[in-house]
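Reviewing the structure listed below.
The values are calculated or read from the model by the stated rules, or taken from the named source; none is laboratory data. Computed from a predicted structure; not experimentally measured. Every residue, glycine among them, receives a Cβ derived from its backbone with ideal geometry; neighbour counts consider all protein chains shown. When the accessible area is computed, the model is the full protein with side chains, heavy atoms only, and any ligands, DNA or RNA have been set aside. Shrake-Rupley method; radii C 1.70, N 1.55, O 1.52, S 1.80 Å.
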Amino acid sequence: YPMHRLFKLGGFCFAADHPDTLVFPPNFLRFETKDVQPAYFYTLRFVKSIPNPVGVCTAVREDLIVYRDGEKESRLLGIQGMLGFYALYRELDTHAEVMIAEDCRGCLVFDPVFASLFALERRMLQKDSFILHSAYIRHRGRAILFSAPSGTGKSTQASLWAQYAGAEIINGDRALLQKVQDCWMARGWPVCGTSGICQNADARLSAVVLLRQAKKNAVRRLSRGEAFLRLYGQVTVNRWDQAESARVLDAVEALLRRVPAFLLDCTISEEAVDCLYEALYPATVAETVRLRACL
């Protein structure tokens with residue numbers, strides 16, 4: 001394997017040994033690093049045909065079949081609407097082996113397809129981290145996340161904040177959340193959906209905003225219980241693995257004990273930004289009103 005690369009995602013450092021003909025997507029390369037000690041190793045290679053996995057089948061989806069052999073996991077990786085599988089991910093004693101079908105090279109240009117080769121969500125949990133389906137912006141040096149099912153308008157609200165409030169969009173579709181001591185950090189992720197916006201940047205998380213399309217803008221802070229019910233469905237979790245699912249449940253609960261969650265009924269307008277701004281920065285708004293009254 002002539003190529004050896006190091007990557008860092010949140011607190012997880014890993015090495016990838018691969019043929020020089022394997023092309024990494026640009027967004028994945030944003031997380032390449034140097035001079036770190038990897039905690040995990042992947043060996044990637046091309047094969048003419050995907051071998052059969054070892055173990056007991058524990059989950060079946062159109063684009064994924066999971067096998068377990070004790071604590072080790074194997075995955076046949078596919079794409080919805082495409083026959084067959086493009087890769088086999090297989091955990092060994094000290095590392096993971098990834099075998100990619102030669103005739104599926106073209107599929108790897110898509111960020112989600114390439115990232116799936118590494119089963120990263122399994123590694124993230126070991127670093128007190130999980131992946132949230134959300135648009136991630138940085139405003140006043142802190143992270144704000146807009147989370148909702150696809151098509152609700154996450155990237156739209158992020159763009160409105162960039163336009164009217166000077167926010168910086170870090171990722172239009174995904175954020176890695178990691179607990180660091182007593183606070184939660186939002187970190188970049190190499191998958192960004194159709195937004196095309198992907199940066200490797202960190203910020204302390206100040207709020208999670210759950211979105212709901214509406215004809216009138218309104219915002220309210222959610223109780224932890226209501227926030228949990230709305231947020232959990234947007235978290236990447238392997239529901240076939242009870243132990244991993246339990247750890248994600250605990251992580252989301254821990255997040256909501258530290259970070260406020262809001263429900264924003266929103267339109268596509270500057271008023272939607274103003275509505276949320278007043279909820280996030282009440283002291284700033286009150287001071288502005290006071291100063292104006294003094295003029």
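Residue count for region 233-247 satisfying the condition of being touching a helix residue (DSSP H, G or I) at 6+ places or on another chain (Cβ under 7 Å) and modelled with pLDDT of 95 or more: 1.
This table checks each residue for (1) in contact with an Asp or Glu (Cβ under 6 Å, 6 or more places away or on another chain); (2) assigned to a helix (DSSP H, G or I); (3) open to solvent by 20 Å² or more (accessible area, probe 1.4 Å).
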| position | (1), (2), (3) |
| --- | --- |
| Phe41 | no, no, yes |
| Phe46 | yes, no, yes |
| Asn52 | no, no, yes |
| Cys57 | no, no, yes |
| Gln80 | yes, no, yes |
| Leu88 | no, no, no |
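Close Cβ contacts (under 9 Å, 6 or more residues apart or on different chains) running from residues in region 16-33 that are under 19 Å from Ala87 (Cβ atoms) to residues that are acidic (Asp, Glu) and assigned to a helix (DSSP H, G or I) comprise Pro25/Asp111; Asn27/Asp111; Phe28/Asp111.
The set of residues from region 255-266 being part of a helix (DSSP H, G or I) and of a type in the set (D, E, K, R) comprises Arg257, Arg258.
The criterion of at least 2 residues that are within 22 Å of Leu280 (Cβ to Cβ) and open to solvent by 40 Å² or more (accessible area, probe 1.4 Å) is met, among strands (runs of 3 or more DSSP E) falling completely within region 166-254, by 174-180, 203-213, 218-221. Open to solvent by 50 Å² or more (accessible area, probe 1.4 Å) and touching a residue at least 12 places away in the same chain (Cβ under 8 Å), is that true of Arg61? Against the criterion (open to solvent by 50 Å² or more (accessible area, probe 1.4 Å) and touching a residue at least 12 places away in the same chain (Cβ under 8 Å)), Arg61 does not qualify. Only residues that are modelled with pLDDT of 95 or more and touching a helix residue (DSSP H, G or I) at 6+ places or on another chain (Cβ under 8 Å) were counted across region 277-295, and they come to 2. If you go through region 67-80 and keep only what is among the aliphatic types (A, V, I, L, M) and over 16 Å from Glu97 (Cβ atoms), you end up with just Ile79.
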